[in-house]
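Here's the structure we're looking at; comments come further down.
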Amino acid sequence: MMPALMLLVGVAQAVARDFDVERVETRLGEGAFVMDANIRYDFSERALEALQNGVPLTVEVHIQVRPADAWIWQESLVDERLRYRIRYKPLSERYLVSQLPGERGRTYVTRDAALAALGEIRDLPLLAPDRLQPDTAYEVQLRVSLDIEELPLPLRPLAYLYPSWKQSSKWTKWPLTP
């Protein structure tokens, strides 16, 4: 590979940070399947700088439950979008992580602790077991993305222009197991 091309690839890889769904577990709870998930948020330097300057960042977690062999046009049993926000409060020097809608949430002293908490989904009800066919394999599909539509209006044009703001995970598939 030519040195200039290698440099461009290296720069693109350094800039292209993304999110990663690291683990999904399902279990049968009291009358419904519930899900736990761990997501790693590796925000770009631009996003972290904005967060440090008081700009809230909103992420969207898109969850689907589908038969494992379903075609793309087939309807999902579950199609849910969860929205979470992380915000830095300069006066208290704390980070607030909350599920939207609403502003109530938990505060954290460090950014790393807040990002770790942002990436934990626990005991999320998915669906009742009677909605599943007995001889069909099902899977939970997850995708996470930074919602640039929730950025302050003056920042949105930059977010559309710079690839460092277009952050998301790939669709990940995990078996739905009790």
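Would you tally the residues in the range 77-91 being surrounded by 18 or more Cβ atoms within 10 Å (Cβ to Cβ) and out of contact with any helix residue (DSSP H, G or I) (no Cβ under 8 Å at 6 or more places or on another chain)?
1
Please name all residue pairs, on different chains or six or more residues apart, with Cβ atoms under 6 Å, provided the first residue is in the range 145-174 and is under 24 Å from Gly119 (Cα atoms) and the second residue is of a type in the set (Asp, Glu).
Listed by first residue and then by second, the contacts come to Ser145/Glu60; Asp147/Glu60; Gln167/Asp18; Ser169/Asp20; Lys173/Glu139.
Of everything in the range 5-46, what is in a helix (DSSP H, G or I) and either modelled with pLDDT of 95 or more or open to solvent by 70 Å² or more (accessible area, probe 1.4 Å) (or both)? Give them in sequence order.
First, the residues of the range 5-46 that are in a helix (DSSP H, G or I): 5-15, 45-46.
Correct list: Leu5, Met6, Leu7, Leu8, Val11, Gln13, Ala14, Val15, Glu45, Arg46.
Any residue in the range 78-89 that is at pLDDT 95 or above sitting within a Cβ distance under 6 Å of a residue that is among the aromatic types (Phe, Trp, Tyr) and surrounded by 19 or more Cβ atoms within 10 Å (Cβ to Cβ)? List the pairs, counting only those 6 or more apart or interchain.
Every condition considered, the pairs that remain are Tyr88/Tyr95.
Anything in the range 166-178 that is open to solvent by less than 70 Å² (accessible area, probe 1.4 Å), modelled with pLDDT of 90 or more and closer than 28 Å to Glu30 by Cα? List them, or say none. Lay out the reasoning, then the answer.
Step one: of the range 166-178, the residues open to solvent by less than 70 Å² (accessible area, probe 1.4 Å) are 167-169, 172, 174, 176-177.
Imposing the further condition that a residue be modelled with pLDDT of 90 or more reduces the set to 167-169, 172, 174.
Within the range 166-178, Thr172, Trp174 meet the criteria.
Say we look at the range 104-122 and pick out the residues that are without any contact (Cβ under 8 Å) to a residue 60 or more places away in the chain and part of a loop (DSSP other than H, G, I, E, B); which of these is least open to solvent (accessible area, probe 1.4 Å)?
Start the filter on the range 104-122 by keeping residues that are without any contact (Cβ under 8 Å) to a residue 60 or more places away in the chain, which leaves 104-110, 112-114, 116-117.
Applying the additional criterion that residues be part of a loop (DSSP other than H, G, I, E, B) yields 104, 109-110.
Values: Arg104: 213, Val109: 96, Thr110: 69 Å².
The extreme case among them is Thr110.
Collect the residues in the range 123-165 that are part of a loop (DSSP other than H, G, I, E, B) and surrounded by 15 or more Cβ atoms within 10 Å (Cβ to Cβ), keeping them in residue-number order. Don't jump to the end; show me each part of the working.
Restricting attention to the range 123-165, the residues satisfying the condition of being part of a loop (DSSP other than H, G, I, E, B) are 128, 132-137, 147, 151-152, 162.
Residues satisfying the conditions are Leu132, Asp147, Leu151.
What is the residue count in the range 56-76 for residues that are touching a residue at least 40 places away in the same chain (Cβ under 8 Å), crowded, with 16+ Cβ neighbours inside 10 Å and aliphatic (A, V, I, L, M)?
Matching residues across the range 56-76 total 5.
The values are calculated or read from the model by the stated rules, or taken from the named source; none is laboratory data. Nothing here was measured: the structure is a model prediction, and the numbers come from that model. Backbone-built Cβ (ideal geometry, glycine too); neighbour counts: all protein chains shown. Keep in mind that these areas ignore ligands, DNA and RNA; they rest on the heavy atoms of the full protein, side chains included. Shrake-Rupley method; radii C 1.70, N 1.55, O 1.52, S 1.80 Å.
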